[in-house]
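The values are calculated or read from the model by the stated rules, or taken from the named source; none is laboratory data. None of these values were measured; they are calculated from a predicted model. Here Cβ is always computed from backbone atoms with ideal geometry, including for glycine, and neighbour counts include all displayed protein chains. We work out accessible area using only protein heavy atoms, side chains counted, and drop any ligands, DNA or RNA first. Shrake-Rupley method; radii C 1.70, N 1.55, O 1.52, S 1.80 Å.
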Amino acid sequence: MRQLAFPGVFPGGKIHLMRCALGIPVLALLFAVQLLNAAGLLLDEILFRRYREVRLRRPVFILGVPRSGTTHTHHLLSSDPRYTTVQLWEALFAPSISQRHLLGWVARLDARCGGYLARFLVKLEQRLQSSLDSVHPTGLRSPEEDFLLLMSTLDCFLLVLAFPECHWLWQLAQADDKDDRQQARQVVKRYRRLLQRHVYFHGQHCQMLSKNASFAGLALSLAEAFPDSVFIVCERDAPMAVRSQLRSLADARRQLFTDSVCPDFERRLLDTLHFYYRNLDRLKQALPAERCASIALARLSREPRQAMQHIHEQLLLGSPDALDQALSALEAREPLRPGTIEPARQESPDAQARFDRFQAWRHAPENRL
């Protein structure tokens, strides 16, 4: 609220009033939702405290710089019934076991009363999908990034778009770069509790599948906190991925007046993405081959079955036969080719220079999707 009312850089009277008019209702709604979430988490400690005894068996973490194929890989692997993964409705409205039971009872009651609430949610979901499909396909029951669970403690990096002056969010994005990783350890500890709740609710026989592009800056901390975990690192030609990320955030930055209150936002974001690449390289060097495997977006598009087979064999994940239907659907599609995702655009020399430092992570021209 303080940053909304008193930004570090005053954006001008009109923009400031528009930010307040938009931000105050959103903050009020966010506060109400997070208050309910906090109450649910507290109830868990009273009613379902045994969730703390849940052992997360070889959790699978999908990491990568944003726009590098993490969502595609996540949706594909989530079709395997061995895995459980957080859905959007759980991340936003039911991070606690208590809330999930409560909403389950509400859904059953609604079904007996005619399903009016369900139909309303379907319409809401359709509007959500129509506005986001070009950037990040999703739905209330779609597998989603579980870093959204950390909204309740304001440790979700997505919030930096609305509050670009929140120093702890920028610090969290590069937490593995600090000598003292206390912040990273605290966040990962809270994150572990949230995953334990999820597995407790869905069944301890399930293997946790998690996808978070924003956790690329916490990769080493995750590997340390989950010593039997395995990692799938999604890769894409770096300048292409970075340009795609900037384009995907352009509308949100404009609507939230992000750059008006933080003129160096893009520079800080590029610094963060550059650290993501370096930190993922450190992760691949630090872990043995059976704990960390890479998958290129180009190969996943052209040879999805072979790519998944390679990942499962390297990480000792067993047979990928459960993915057969999803893989067959992918094989039936036309493979992606350079320029088919986002056609190249003319850029000034100054704009191109911003991406020079990402040259170390370039792919061969035929793989620049």
In whole Hz, the Karplus estimates of ³J(HN,Hα) for region 189-194 (6.51, -1.76, 1.60; θ = phi - 60°; x where Gly or Pro) are 5, 5, 5, 4, 4, 5
From most to least accessible, 1.4 Å probe, no ligand or DNA/RNA atoms counted, Arg112, Arg127, Arg291 line up as Arg112, Arg127, Arg291
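Quick one: ranking His205, His312 by accessible area, 1.4 Å probe, largest first, what do you get?
His205, His312
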For Leu256, the accessible surface traced by a 1.4 Å probe with all protein chains present amounts, in square angstrom to the nearest 10, to 50 Å²
For the chain, the per residue accessible area (1.4 Å probe, Å²) is 50 Å²
Computed over the Cα atoms of the chain, the Rg and Dmax in Å are 20.9, 63
Here the gain from full extension of Arg112 to Arg354, 0.36 nm per residue of separation minus their alpha-carbon distance, amounts to 81.4 nm
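When each pair of different Cα atoms in region 63-115 is counted once in the 1/r mean, what is the Kirkwood radius in angstroms, to one decimal?
On the way: mean 1/r = 0.0742 Å⁻¹.
Every distinct Cα pair counted, the radius reaches 13.5 Å.
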Heavy-atom accessible area with a 1.4 angstrom probe orders Phe226, Phe31, most exposed first, as Phe31, Phe226
With a 1.4 angstrom probe the carbon and sulfur portion of accessible area for the chain, in percent, totals 59 percent
Between the residues His274, Leu287, Val261, the Cα farthest towards the positive end of the dipole of the chain, that dipole coming from +1 and -1 charges on the beta-carbon of Lys, Arg, Asp and Glu, is from Val261
